Amino acid sequence: MPENTFHIRIKKQYAAALIEDLIKVNAVESISDDETVELTEQQKAALDKELANIASNPDYLLKWNDVKHRFKKP
């Protein structure tokens, strides 16, 4: 099964406690900022493709307000 890495910012104390409980039962792993995570070849290829798209077409990137508006609840 592929591993996914998510970077999260915990904003509420109860959420921090939940994360700590998940760490205790080995459901999630804490990674410090100074640890490096090796990308798979597939991830590297996807990143290279995205960087090439950005370099060849700067309009490929969306403005943050446009993205935020797209996902805003009605």
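Here's the yes/no breakdown for (1) among the β-branched types (Val, Ile, Thr); (2) touching a Cys at 6+ places or on another chain (Cβ under 9 Å); (3) modelled with pLDDT under 85; (4) within 18 Å of residue 4 (Cβ to Cβ):
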| position | (1), (2), (3), (4) |
| --- | --- |
| 38 | no, no, yes, yes |
| 47 | no, no, no, yes |
| 51 | no, no, no, no |
| 65 | no, no, no, no |
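Does the stretch 1-48 hold any residues that are in a helix (DSSP H, G or I) and surrounded by fewer than 10 Cβ atoms within 10 Å (Cβ to Cβ), and which are they?
Residues of the stretch 1-48 that are in a helix (DSSP H, G or I), as a first pass: 13-24, 41-48.
Result: 13, 14, 24, 41, 42.
Among the residues in the stretch 59-68, are any assigned to a loop (DSSP other than H, G, I, E, B) and in contact (Cβ under 8 Å) with a residue 24 or more places away in the chain?
Filtering the stretch 59-68 down to residues assigned to a loop (DSSP other than H, G, I, E, B) leaves 61-63.
If we keep only those that are in contact (Cβ under 8 Å) with a residue 24 or more places away in the chain too, we end up with none.
Looking for residues that are assigned to a loop (DSSP other than H, G, I, E, B) and in contact (Cβ under 8 Å) with a residue 24 or more places away in the chain, one finds none in the stretch 59-68, hence no.
The values are calculated or read from the model by the stated rules, or taken from the named source; none is laboratory data. What you see is a predicted model, and the numbers here were worked out from it, not measured in a lab. Neighbour counts run over all protein chains shown; Cβ positions are idealised from the backbone, glycine included.
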